[in-house]
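Data block below; observations after.
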Number of protein chains: 2
Amino acid sequence: MKKSIGAKTIIYPTPVLIVGTYDKYEKPNVMAAAWGGISCSRPPCVSISLREATYSHGNIKHQKAFTLSIPSKDQAEEADYFGIVSGRDEDKFASTGLTPVKSDLVNAPYIDEFPLILELKLVNTLELGLHTHFTGEILDVKVDPELTDSNGNPDIEKIKPILYDPSGAAYYGIGELVGKAYTIGKKFKD
Amino acid sequence: MKKSIGAKTIIYPTPVLIVGTYDKYEKPNVMAAAWGGISCSRPPCVSISLREATYSHGNIKHQKAFTLSIPSKDQAEEADYFGIVSGRDEDKFASTGLTPVKSDLVNAPYIDEFPLILELKLVNTLELGLHTHFTGEILDVKVDPELTDSNGNPDIEKIKPILYDPSGAAYYGIGELVGKAYTIGKKFKD
């Protein structure tokens with residue numbers, strides 16, 4: 001018998017997405033977002049949700065563009081910091097010593113030291129309540145070449161990303177391989 | 001120097017969300033969705049993206065409701081199967097021996113054996129291209145009581161969920177604790 005715990009924002013896992021934007025003076029900022037995910041395959045899109053109170057929210061509205069930088073577990077402290085303070089109050093690149101790089105395709109900065117980068121053009125804005133849900137079309141993905149598999153695609157076991165647990169407010173690493181998709185479930189097919 | 005690999009749908013991690021719906025004859029169906037995430041804190045919402053071709057897409061349009069059942073790693077084979085076949089062709093509950101339970105609050109079924117359940121009322125539908133982006137308001141979360149922490153909240157280390165790697169098309173477990181959120185990043189604060 002399951003126990004009801006009320007209407008809480010809990011799913012497993014949620015990502016740790018570092019949203020990169022320029023403000024109106026072209027100063028780079030980053031923030032951490034766990035509310036988001038891939039939202040379409042064609043065109044390829046990611047949607048993220050930000051509170052209007054954040055500095056990044058205004059930046060996305062202004063620039064119609066953002067990046068996502070995905071940290072490895074060695075960068076969890078920096079990622080957490082990006083979610084603690086506002087870009088209005090602190091220069092988060094200066095505080096961490098990380099390097100902003102202007103995206104090739106959109107007017108937004110990414111973090112040079114982070115292993116996996118997405119460049120996105122804003123295509124939809126949806127007001128849901130406390131959060132605004134921004135959908136960006138993925139224009140390019142960039143990866144550190146030494147962190148790819150034999151096909152040249154990002155290798156999760158080399159990138160070692162982290163996930164966010166919204167119930168316990170904690171970060172976890174990636175565990176062991178459980179199985180290949182579209183494969184391990186075939187045993188149930190009629 | 002990063003390598004550009006083009007516009008691919010890759011972020012780490014993505015969830016394995018099992019979407020539960022009734023069809024117009026009230027027959028229960030489930031499918032696997034990795035495109036989705038939490039999208040608002042107040043009201044609490046989750047957004048998921050489904051292709052129009054799926055049986056579940058029509059069911060959500062008809063019922064304006066769905067559930068999400070989150071598998072543990074011991075249920076990865078069943079979760080994978082739910083993404084391989086269509087509910088038009090096979091009765092996925094019969095094939096796996098899992099038990100559909102009608103949600104208390106919405107007209108949609110969840111999987112009794114899965115550890116964490118969300119019940120959602122459809123509040124927004126957004127056409128993005130190949131995928132339709134459905135936003136549901138979370139009306140309740142249900143959890144197996146033995147899988148909670150000392151505060152009665154879901155415990156990720158007991159639930160042992162899985163994640164989906166869209167680059168390698170594989171499932172992984174949860175790894176070790178990396179750190180507490182809003183804590184490990186404080187060292188960078190001015």
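The values are calculated or read from the model by the stated rules, or taken from the named source; none is laboratory data. This structure is a prediction, so every number in the text was calculated from the model and none was measured. Positions of Cβ are backbone-derived with ideal geometry, glycine not excepted, and every protein chain shown enters the neighbour counts. What goes into the accessible areas is simple: the full protein's heavy atoms, side chains included, and nothing from ligands, DNA or RNA. Shrake-Rupley method; radii C 1.70, N 1.55, O 1.52, S 1.80 Å.
A few remarks follow.
- Matching entry among A:GLU137, A:GLU146 (being more than 7 Å from chain B (Cβ to nearest Cβ) and free of Cβ contacts under 8 Å to residues at least 24 places away in the same chain): A:GLU146
- Filter pass, A:PHE93 being over 12 Å from A:PHE134 (Cα atoms), open to solvent by less than 30 Å² (accessible area, probe 1.4 Å), at pLDDT 95 or above and not acidic (Asp, Glu): yes
- Of all residues in the range B:107-121, at least one satisfies being under 24 Å from A:THR125 (Cα atoms) and modelled with pLDDT of 95 or more.
- The lone exception for B:ASP74 - which of (1) under 25 Å from B:SER167 (Cα atoms); (2) within 12 Å of chain A (Cβ to nearest Cβ); (3) buried (at least 18 other Cβ atoms within 10 Å of the Cβ); (4) touching a residue at least 60 places away in the same chain (Cβ under 8 Å) it fails: (3)
- Filter result for A:TYR81 (under 26 Å from B:GLY37 (Cα atoms), open to solvent by 10 Å² or more (accessible area, probe 1.4 Å) and hydroxyl-bearing (Ser, Thr, Tyr)): no
- Boolean, B:TYR172 is at the interface with another protein chain (Cβ under 7 Å from one of its Cβ atoms), aromatic (Phe, Trp, Tyr) and without any contact (Cβ under 8 Å) to a residue 40 or more places away in the chain: no
- Looking across the range B:51-63 at every residue that is within 13 Å of chain A (Cβ to nearest Cβ) and not hydroxyl-bearing (Ser, Thr, Tyr), the one that is nearest to B:VAL85 (Cα to Cα) is identified as B:ALA53.
Here's the yes/no breakdown for (1) in a loop (DSSP other than H, G, I, E, B); (2) more than 16 Å from the chain's Cα centre (by Cα):
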| residue | (1), (2) |
| --- | --- |
| B:MET1 | yes, yes |
| B:SER4 | no, yes |
| B:VAL19 | no, no |
| B:LYS24 | yes, yes |
| B:GLY37 | no, no |
| B:CYS40 | no, no |
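- From the options B:VAL101, B:VAL106, residue that is aliphatic (A, V, I, L, M), crowded, with 21+ Cβ neighbours inside 10 Å and without any contact (Cβ under 8 Å) to a residue 60 or more places away in the chain: B:VAL106
- Conditions (1) without any contact (Cβ under 8 Å) to a residue 24 or more places away in the chain; (2) under 16 Å from the mean Cα position of the chain (by Cα): number failed by A:ASP89: (2)
- Residues of the range A:3-34 that turn out to be farther than 30 Å from B:LYS158 by Cβ and either open to solvent by 10 Å² or more (accessible area, probe 1.4 Å) or of a type in the set (S, T, N, Q) (or both), as a count: 9
- Considering A:GLY136, A:GLY129, A:GLY185, the condition of being over 23 Å from B:VAL178 (Cα atoms), open to solvent by less than 20 Å² (accessible area, probe 1.4 Å) and more than 19 Å from the chain's Cα centre (by Cα) is satisfied by A:GLY185 alone.
- For the range A:1-27, a residue qualifies if it is under 29 Å from B:SER72 (Cα atoms) and free of Cβ contacts under 8 Å to residues at least 12 places away in the same chain, and the qualifying residues are A:MET1, A:LYS2, A:LYS3, A:SER4, A:ILE5, A:GLY6, A:ALA7.
- Test: residue in the range A:35-50 that is more than 7 Å from chain B (Cβ to nearest Cβ), at pLDDT 95 or above, open to solvent by 10 Å² or more (accessible area, probe 1.4 Å) and more than 30 Å from B:ASP112 (Cα to Cα): no
- Entry remark, the range A:59-71: residues being surrounded by 17 or more Cβ atoms within 10 Å (Cβ to Cβ) and assigned to a helix (DSSP H, G or I) number 3 in total.
- Subset of the range A:149-167 (residues that are facing another protein chain (nearest Cβ under 8 Å) and either open to solvent by less than 20 Å² (accessible area, probe 1.4 Å) or touching a residue at least 40 places away in the same chain (Cβ under 8 Å) (or both)): A:GLY152, A:PRO154, A:ILE156, A:ILE159, A:PRO161, A:ILE162, A:LEU163, A:TYR164, A:ASP165, A:PRO166, A:SER167
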